[in-house]
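The values are calculated or read from the model by the stated rules, or taken from the named source; none is laboratory data. Predicted model, so just to flag it, every value in this text is computed and none were measured. Glycine also receives a Cβ, built like all others from the backbone with ideal geometry; neighbour counts cover every protein chain displayed. Side chains are part of the model used for accessible areas, which takes the heavy atoms of the whole protein and leaves out ligands, DNA and RNA. Shrake-Rupley method; radii C 1.70, N 1.55, O 1.52, S 1.80 Å.
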Amino acid sequence: MSTSTTTGKKRVVVTGIGALSPLGNDWATVRTQLLSGRNVIRVMHEWEGYEGLSTQLGCTVAPFELPAHYNRKTMRSMGRVALMATRATEIALENAGLLGDPFVKSGHMGVSYGSSAGTPAAIGDFGRMMAEKSTEGINANTYIKMMSHTAPVNMGVFFGATGRVITTSSACTSGSQGLGYAYEAIQSGKQLAMLAGGAEELDATQAAVFDTLFATSTKNGTPELTPRPFDAHRDGLVLGEGACTFVLEELEHAQARGAQILGEIVGFATNSDGTHVTHPNPVTMAQAMRMALADAGLAPEAIGYINAHGTATDQGDIAETTATHAVFGGAVPVSTLKGYMGHTLGACGALEAWMTLEMMREGWFAQNANLTEPDPRCGAVDFIMGQARQLDTDVVMSNNFAFGGINTSLIFKRWRE
């Protein structure tokens, strides 16, 4: 089998994945939750003290334990977002058979990873300094926890990775750009392998950002019924948290070491709307999908399933489905996973790609949670409704769109020996 494309670019495969998600921290648990059709959204009672915060809904990551080597010394520069990213990465390296391997420190493995921001509490420490004119509470690690590249830097230090670091702090496309730029780094021959993905920790300040835009769900009394992506009765998004790391490798390198291959990335594209920071543009969204197809050398008909961004915001859902219909018509099955676990921001691109890849490997795809009456203003696409759909396909697309008009599209191919 060829290890490069006809253009001479290297082929990029997935050899390990690790995740911490609201639906569970292993695929068996996540599968059960997705097949149930029910979400895990909850009322965030700890937010009740914030005056003016309309939404009280969120989705925290499933409980996880840390091995003994996560101690005060190794965690001193980590906030929760960096800690989750590091633990997810450790699981991914173990899954890939590379945990403790000298290759990780060789310089041939880099990191491409992002989050919307660093740990909000650390940002708050500096805010308090500005308000109170005092550095009390500020220490040598406060900035490290706050900075937007806290996750990839802490991952690199924890595992001793000495390859390139690509920081993808681009809100809702942080995880998908993390995967895409890692793919490009390997494809071009600049690195043999990359740790790629994204993470985010849930905080009331993030909910407040979307509250000010009237984009959050306020169905605080019925968390099981919201968010409702693409539904005529949706009233906004719910925020979640998590982390997901892919181990990506150049195909020849992976085969030489006898690695398991979980799938292949065959296409990626990213662009920007260039029009408005919060109003999505279906024209450039569609262009991102077409560019990903061109990168993969595929026609739209080759895509068997699309994992949509699907935030349950009014204009976002309309723009995305309009763009999807413009490229694919109504023939390709579409669902989003945000109805189950909320919008995990910087983590969503990687978490959703992981779940999409696993569903493709098993031949089924989750329904849209809480979608009972599709909004007629949304594009006329084939929404998966009512129950999961059995579907055998070799190629899937995963799309994400972010504040600032940043659009991403990833294409994965099933690995067949």
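Numbers below:
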quantity	calculated
Count of segment 278-317 residues which are part of a helix (DSSP H, G or I), open to solvent by 30 Å² or more (accessible area, probe 1.4 Å) and under 24 Å from GLY58 (Cα atoms)	2
Filter pass, THR336 being out of contact with any helix residue (DSSP H, G or I) (no Cβ under 6 Å at 6 or more places or on another chain) and closer than 26 Å to TYR181 by Cβ	yes
Subset of segment 343-390 that is within 19 Å of THR29 (Cβ to Cβ) and not hydrophobic (A, V, I, L, M, F, W, C) - its residue that is most open to solvent (accessible area, probe 1.4 Å)	ARG361
Selection count where residues are surrounded by 22 or more Cβ atoms within 10 Å (Cβ to Cβ) and under 25 Å from THR86 (Cβ atoms), scope segment 46-64	3
Among the residues listed as ALA92, ALA82, the single one being outside any loop (DSSP other than H, G, I, E, B), of a type outside the set (Phe, Trp, Tyr), within 27 Å of GLU249 (Cβ to Cβ) and in contact with a Cys (Cβ under 9 Å, 6 or more places away or on another chain)	ALA92
Any chance GLU252 is among the acidic types (Asp, Glu), open to solvent by 30 Å² or more (accessible area, probe 1.4 Å) and modelled with pLDDT of 95 or more	yes
Answer residue from segment 26-45, given it is out of contact with any Leu (no Cβ under 8 Å at 6 or more places or on another chain) and farther than 17 Å from LEU262 by Cβ and is surrounded by the fewest Cβ atoms within 10 Å (Cβ to Cβ) among those	HIS45
Top-ranked residue of segment 61-79 - restricted to ones that are part of a loop (DSSP other than H, G, I, E, B) and among the hydrophobic types (A, V, I, L, M, F, W, C), ranked as nearest to GLY175 (Cα to Cα)	VAL61
Flag for ARG80 being open to solvent by 60 Å² or more (accessible area, probe 1.4 Å) and either over 20 Å from the mean Cα position of the chain (by Cα) or closer than 16 Å to PRO152 by Cβ (or both)	yes
Leading residue by the ranking (surrounded by the most Cβ atoms within 10 Å (Cβ to Cβ)) among those in segment 257-277 that are charged (D, E, K, R) and more than 15 Å from ARG11 (Cα to Cα)	ASP273
